[in-house]
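Undergrad: This is the structure, below, for whatever I ask next.
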Amino acid sequence: DAGVTQSPTHLIKTRGQQVTLRCSPKSGHDTVSWYQQALGQGPQFIFQYYEEEERQRGNFPDRFSGHQFPNYSSELNVNALLLGDSALYLCASTETSRASYEQYFGPGTRLTVT
Amino acid sequence: QKEVEQNSGPLSVPEGAIASLNCTYSDRGSQSFFWYRQYSGKSPELIMFIYSNGDKEDGRFTAQLNKASQYVSLLIRDSQPSDSATYLCAVRVASGYALNFGKGTSLLVTP
């Protein structure tokens, strides 16, 4: 049973560029959330996708956008990168029908903006 | 006001002892509570979740929830050096689906 997968593992970009991160959820999961984790901090919620739509969004600017595909996989796009966007980007998946609603994280993508 | 608060530590306990990790939250309507373990350079790993008042046990781990006091804790019995990690408390918001995380407590189990 494959867990949550993310690609790429590491990424180095220049300020002002755009980046796309990818996530495949755990088998049987239909909901994907994205989080940003800065060094020494807990993960911060960016947004969640369910049924190919953004269901909830955290306090992040419009430079952060996403997409969910019919197979439940998801992308996170960040435009006009800033130095402060350097962080670990985590994808988490869950099965919306479960009352416990536990979320499982992928290995993350480490983004460095120079 | 920070929504989920944890003592950053480090919390140091000797091998074989009980480690007690604590978390408070501000949203009284919060529904579900989670503990994640995160090793340095790795992603968070779910170890426990609880949504009813009281205790929930799973192996060496016990989660405790007190909604009246807005307090959730994690006990690790017979602590091992491999338990040394950062423990993140997460709370599902009352109004939606996001998890709000604390900054985490660093646990060091010394041989």
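The values are calculated or read from the model by the stated rules, or taken from the named source; none is laboratory data. In this text the structure is predicted, and so the values were computed from the model without any measurement. Neighbour counts are summed over all protein chains in view; Cβ atoms, including those assigned to glycine, are modelled from backbone coordinates with ideal geometry. The area values use the complete protein model at the heavy-atom level, side chains included, leaving out ligands, DNA and RNA. Shrake-Rupley method; radii C 1.70, N 1.55, O 1.52, S 1.80 Å.
Undergrad: At 7 Å along Cα-to-Cβ for each site, give me the label-to-label distance between B:N53 and A:Q41 in nm.
TA: Rounded to a tenth, the inter-label distance reads 3.5 nm.
Undergrad: Have a look at the stretch A:20-56 and report residues whose accessible surface goes down by 50 Å² or more when the remaining protein chains are included, against the chain on its own, probe 1.4 Å, ligands and DNA/RNA excluded.
TA: A:P43, A:Q56
Undergrad: Still on this model: First obtain the Kirkwood hydrodynamic radius of chain A from its Cα pairs, then insert it into the Stokes-Einstein equation at 25 °C and 0.890 mPa s, and state the resulting D in µm² per second as a whole number.
TA: Stokes-Einstein gives a translational diffusion coefficient of 175 µm²/s.
Undergrad: On full extension of the chain, what length is gained from B:S82 through B:R60, given 0.36 nm per residue of separation minus the C-alpha to C-alpha distance?
TA: The span from B:S82 to B:R60 would gain 6.6 nm if fully extended.
Undergrad: Please compute, over every Cα-Cα pair in the stretch A:1-61, the percentage with a separation greater than 16 angstrom.
TA: Result: 59 percent of Cα pairs exceed 16 Å.
Undergrad: With a 1.4 Å probe, what is the total accessible area buried between chains A and B, in Å² rounded to the nearest 100?
TA: Counting protein atoms only, the buried area is about 1700 Å².
Undergrad: In a shell of Cβ-Cβ distance under 13 Å around B:N66, excluding B:N66 itself, what net charge do Lys and Arg (+1) and Asp and Glu (-1) give?
TA: Once all neighbours under 13 Å are counted, the net charge is +2.
Undergrad: Kindly provide the trypsin sites (Lys or Arg not before Pro) of the stretch A:51-98 that DSSP labels as loop, not H, G, I, E or B, and whose Cβ sees at most 12 other Cβ atoms within 10 Å.
TA: A:R98
Undergrad: Would you mind checking the stretch A:88-107 for residues with the amide N under 11 Å from a putative spin-label position 7 Å along Cα→C-beta of A:Q17?
TA: Flagged as within label range: none.
Undergrad: Right, something else. Can you give the translational diffusion coefficient of the protein assembly as shown in µm²/s, computed by Stokes-Einstein from the Kirkwood radius over Cα pairs at 10 °C and 1.306 mPa s?
TA: Taking Rh from Cα pairs, D becomes 88 µm²/s.
Undergrad: Here is a follow-up. Given C-alpha coordinates of chain B, what is the ratio Rg to Rh with the Kirkwood estimate of Rh?
TA: 0.96
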